[in-house]
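What follows is a set of notes on a single structure, which appears directly below.
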Amino acid sequence: MTLGLFDEAPAPYTAPEVIAPGAALLRGFALEMDEVLLQAVEAVTAAAPLRHLVTPGGYTMSVAMSNCGALGWVSDRSGYRYDARDPLSGKPWPPMPAGFAQLALRAAAQAGFENFRPDACLINRYEPRARLSLHQDKDEGSMDAPIVSVSLGLPAVFLFGGLSRSDRPARYRLQHGDVAVWGGPSRLAYHGVAPLARGEHARLGAQRINLTFRCAR
Ligand code: MD3
Ligand code: FE
């Protein structure tokens, strides 16, 4: 018997939803590899634990963070920077898991950014009430490369503003498996995450994990 064109279930189709020039939402793009991603997150955070960083202004962040890849984003009283070592252990960050790099490359290409090879992945863990106030990601060496983000666990309201802090942000609900790509004219857009609402996710419980892939060099 010959398999017809429609006899096999197609991979879930995620047409990129362009939300601004250079910015696209790929809803459900990471769904079929969520278990691989979460096991990699567990391995990375076993070696480099999630921790609440202190901002240069002396505030402790409500989001807990870790990193993998050649460089990791860190903050302390002296400022924000990318560092090759985890300040908790003094050791290099865990390497970028192969599945992470592959997902980031495929998602960026889907949004029109070919050859995306991130050297840093920031892992953010939100518990209910954790939030990220409006900011720009401008500590990276290259503004030509996009940033790819992957949402896992509880849904969050993502705030997407303009190039000026005072631009009123649009709101998008990001769910488990959603991927977003931010580059070109949107690379320096102000953005943030509203306080996480209480809830229970089947795999992750009362938390949201966000991965952001960056070219820090
Ligand atoms: C828009 N994280 O870690 S990811 C961050 O959900 C960060 O944890 C959020 O903002 C989170 O810096 C949002 C989505 C994102 C990432 C980078 C962007 C949106 C962006 C850069 C430019 C514009
Ligand atoms: Fe950011």
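Could you list, in sequence order, the residues of region 98-120 that are under 17 Å from LEU50 (Cβ atoms) and either within 13 Å of ligand 2 (Cβ to nearest atom) or assigned to a loop (DSSP other than H, G, I, E, B) (or both)?
ALA120
As an exercise: evaluate LEU88 against (1) surrounded by 17 or more Cβ atoms within 10 Å (Cβ to Cβ); (2) in contact (Cβ under 8 Å) with a residue 24 or more places away in the chain and give the number of the one condition it does not meet.
(1)
Residues of region 133-164 being over 17 Å from ASN67 (Cα atoms), aliphatic (A, V, I, L, M) and within 13 Å of the chain's Cα centre (by Cα), which ones?
The one that is over 17 Å from ASN67 (Cα atoms), aliphatic (A, V, I, L, M) and within 13 Å of the chain's Cα centre (by Cα): ALA156.
Just give me the residues in region 171-195 being within 11 Å of ligand 1 (Cβ to nearest atom) and part of a strand (DSSP E or B), in sequence order.
Hits for region 171-195 are TYR172, LEU174, VAL179, ALA180, VAL181, TRP182, HIS191, GLY192, VAL193.
Here is a list of conditions, (1) within 26 Å of ARG171 (Cα to Cα); (2) touching a helix residue (DSSP H, G or I) at 6+ places or on another chain (Cβ under 9 Å); (3) surrounded by fewer than 18 Cβ atoms within 10 Å (Cβ to Cβ); (4) of a type outside the set (Gly, Ala, Ser), and VAL36 meets all of them except one; can you say which number that is?
Result: VAL36 fails condition (1) only.
Which residues, counting only those in region 44-65, are over 16 Å from the mean Cα position of the chain (by Cα), away from ligand 2 (no atom under 16 Å from the Cβ), under 21 Å from SER151 (Cα atoms) and surrounded by 12 or more Cβ atoms within 10 Å (Cβ to Cβ)?
If the condition is that a residue be over 16 Å from the mean Cα position of the chain (by Cα), away from ligand 2 (no atom under 16 Å from the Cβ), under 21 Å from SER151 (Cα atoms) and surrounded by 12 or more Cβ atoms within 10 Å (Cβ to Cβ), then ALA48, PRO49, ARG51, HIS52 are the ones that fit.
Go through (1) hydroxyl-bearing (Ser, Thr, Tyr); (2) under 24 Å from ARG81 (Cβ atoms); (3) more than 15 Å from ligand 2 (Cβ to nearest atom) and name the single condition SER166 misses.
Of the numbered conditions (1) hydroxyl-bearing (Ser, Thr, Tyr); (2) under 24 Å from ARG81 (Cβ atoms); (3) more than 15 Å from ligand 2 (Cβ to nearest atom), the odd one out for SER166 is (2).
Restricted to region 184-195, and to residues that are surrounded by 16 or more Cβ atoms within 10 Å (Cβ to Cβ) and within 13 Å of ligand 2 (Cβ to nearest atom), which residue is nearest to ALA70 (Cα to Cα)?
The extreme case among them is ARG187.
In the set PRO118, PRO169, which member is on the phi < 0 side of the Ramachandran plot, touching a helix residue (DSSP H, G or I) at 6+ places or on another chain (Cβ under 9 Å) and modelled with pLDDT of 95 or more?
Exactly one of PRO118, PRO169 is on the phi < 0 side of the Ramachandran plot, touching a helix residue (DSSP H, G or I) at 6+ places or on another chain (Cβ under 9 Å) and modelled with pLDDT of 95 or more, namely PRO118.
Considering only residues of region 127-155 that are of a type in the set (Lys, Arg) and more than 10 Å from ARG187 (Cβ to Cβ), which is nearest to ligand 1 (Cβ to nearest atom)?
Within region 127-155, the match that is nearest to ligand 1 (Cβ to nearest atom) is ARG131.
What residue, of SER142, SER133, SER151, is surrounded by 23 or more Cβ atoms within 10 Å (Cβ to Cβ) and either aromatic (Phe, Trp, Tyr) or out of contact with any helix residue (DSSP H, G or I) (no Cβ under 8 Å at 6 or more places or on another chain) (or both)?
The conditions single out SER151.
For PRO146, indicate whether it is within 13 Å of ligand 2 (Cβ to nearest atom) and either farther than 29 Å from ALA84 by Cα or modelled with pLDDT under 95 (or both).
For PRO146, the condition - within 13 Å of ligand 2 (Cβ to nearest atom) and either farther than 29 Å from ALA84 by Cα or modelled with pLDDT under 95 (or both) - is not met.
I'd like to know if region 198-213 contains one or more residues that are in contact with a helix residue (DSSP H, G or I) (Cβ under 9 Å, 6 or more places away or on another chain) and either more than 10 Å from ligand 1 (Cβ to nearest atom) or farther than 19 Å from GLU32 by Cβ (or both).
yes
Restricted to region 196-217, and to residues that are within 16 Å of ligand 2 (Cβ to nearest atom) and part of a strand (DSSP E or B), which residue is farthest from ARG106 (Cα to Cα)?
Step by step, filter region 196-217, then rank; the result is ARG208.
The values are calculated or read from the model by the stated rules, or taken from the named source; none is laboratory data. On a predicted model such as this, the values are computed, not experimentally measured, just so you know. Note: ideal-geometry Cβ built from the backbone for every residue, glycine included; neighbour counts use all protein chains shown.
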